[in-house]
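In what follows, a structure is listed as C-alpha cells, so that the remarks can point back to it.
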Amino acid sequence: MPRHDLHRQRQKLNQAGKKKKHNKKQEEKAKLAEPRFSDTADVVIVGGGPAGLAAAIKLRQLAEKSGKELRVCVVEKGSEIGMRLWQWFGDA
C-alpha cells in the first residue's frame, strides 16, 4: 500500500476518534446539567445491601428508644434497595 494511502487512513481514524471524544464530552456535560436530587439527613448510609439496611434499622431503633428524632438516608446504586439480596438467594 502506498505511503500516502496509509497517511490518509490514519487521518480518517484520528478524525473519527476526535468526533467520538467530542460526542462523549457533550454527553458528560448534558449529564452534569441535569437536575440532581437533594435531601437532608442526620446519617447517610452508602449501600442498600444487608449490612446497610441492618445499620439503618438499628440506628432508627436506637433513636426511637432514646426518644430522639433521627433521619437516616440509604443510598443505593441499584434501581431498588436490596437488589443484591436477589443475587445471593436467586430469582425467587
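The values are calculated or read from the model by the stated rules, or taken from the named source; none is laboratory data. Being a predicted model, the structure only gives us computed values, none of them experimental. As a convention, Cβ positions derive from the backbone with ideal geometry for all residues, glycine included, and neighbour counts pool all protein chains shown.
Per this entry, ALA51 is counted among residues that are exposed (fewer than 11 other Cβ atoms within 10 Å of the Cβ), part of a helix (DSSP H, G or I) and free of Cβ contacts under 8 Å to residues at least 40 places away in the same chain. Kindly indicate whether any position in region 73-83 is under 18 Å from the mean Cα position of the chain (by Cα), modelled with pLDDT under 75 and surrounded by 10 or more Cβ atoms within 10 Å (Cβ to Cβ). Yes, region 73-83 contains at least one residue that is under 18 Å from the mean Cα position of the chain (by Cα), modelled with pLDDT under 75 and surrounded by 10 or more Cβ atoms within 10 Å (Cβ to Cβ).
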